[in-house]
Amino acid sequence: MTPDKIIVTIAGLGLIAFIIWFFWLVKHPGVKATMGSSGYQEAVVLVKGGYTPDIIIVDHGKPVRLNFLRTESASCSEMVVFPDFKKSTKLPEGETVAVELMPDKLGEYEFQCQMGMFRGKLVVE
């Protein structure tokens, strides 16, 4: 094997290792929802190329209000779906839409766009 092939092979393997580490091995810290004056645990979720934050931590047994602000026009981001809560909500562009949930069981509950391309997680502690 020539030196240039060795260098390209090592660089390619290094890039593959970085991609695996970045997308699957790095644990992203979640954002703790804050208790609002209305008695709801609240968090603002920006919808732009995904959900930011994509992991939201809440306490069980207390109502949750997630305020989704969609700032893009992609058709995938038009709706957010909470399959475990059997709830879905349309997200008009440029508007903040509140989604209210009551997490009464501990665990992790995913939410996503209707196409499944944007994903997030509600962690109930």
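Since every read-out is calculated from the coordinates, none of them should be taken as a lab result. This is a predicted model, so every value here is computed, not measured. Glycine also receives a Cβ, built like all others from the backbone with ideal geometry; neighbour counts cover every protein chain displayed.
Enter the Cα centre distance for the pair the range 29-81 and the range 86-106, rounded to the nearest angstrom.
Here the two parts' Cα centres lie 8 Å apart.
Calculate how steeply helix 3-20 sits against the longest principal axis of the alpha-carbon atoms of the chain, using the helix alpha-carbon long axis, and give the answer as 0 to 90 degrees to the nearest 10.
10
Hey, got a sec? Which trypsin sites (Lys or Arg not before Pro) in the range 33-125 land in a DSSP loop and have at most 12 other Cβ atoms within 10 Å? Show your work: numbers first, answer last.
Numbers: sites: LYS48, ARG65, ARG70, LYS86, LYS87, LYS90, LYS105, ARG119, LYS121; in loops: LYS48, LYS86, LYS105.
Sparse-neighbourhood loop trypsin sites (Lys or Arg not before Pro): LYS86, LYS105.
Give me the distance in nm between label points sitting 7 Å out from Cα along the Cα-to-Cβ direction at LEU25 and THR2, one decimal.
3.2
For the chain, state what percent of all Cα-Cα pairs lands in each successive 10 Å bin, counting from 0 Å until the bin that includes the largest distance.
13, 37, 26, 11, 8, 4, 1
So for ILE16, ILE57, fewest C-beta neighbours within 10 Å to most, what's the order?
Values: ILE16 10, ILE57 18.
Lowest to highest Cβ neighbour count: ILE16, ILE57.
Ignoring everything except DSSP H segments at least 4 long, calculate the 222 nm mean residue ellipticity for the chain; use -39,500 (n - 2.57) per segment, divide by total residues, nearest 500. Numbers along the way, then the final one.
On the way: 1 runs with 18 residues, N = 125.
So the calculated ellipticity at 222 nm is -5000 deg cm²/dmol.
For the pair ILE10 and MET115, what calculated FRET efficiency results from E = 1/(1 + (r/R0)^6), where r is the Cβ-Cβ distance and R0 = 30 Å, to the nearest 0.05? Before the final figure, lay out the partial values.
On the way: r = 37 Å, r/R0 = 1.24.
Efficiency computed from Cβ-Cβ geometry: 0.20.
For the range 31-124, what does the relative contact order come out to in percent, with C-alpha contacts under 8 Å and a separation of six or more?
Values: 223 pairs, mean separation 28.0, N = 94.
Worked out over the range 31-124, it gives 30 percent.
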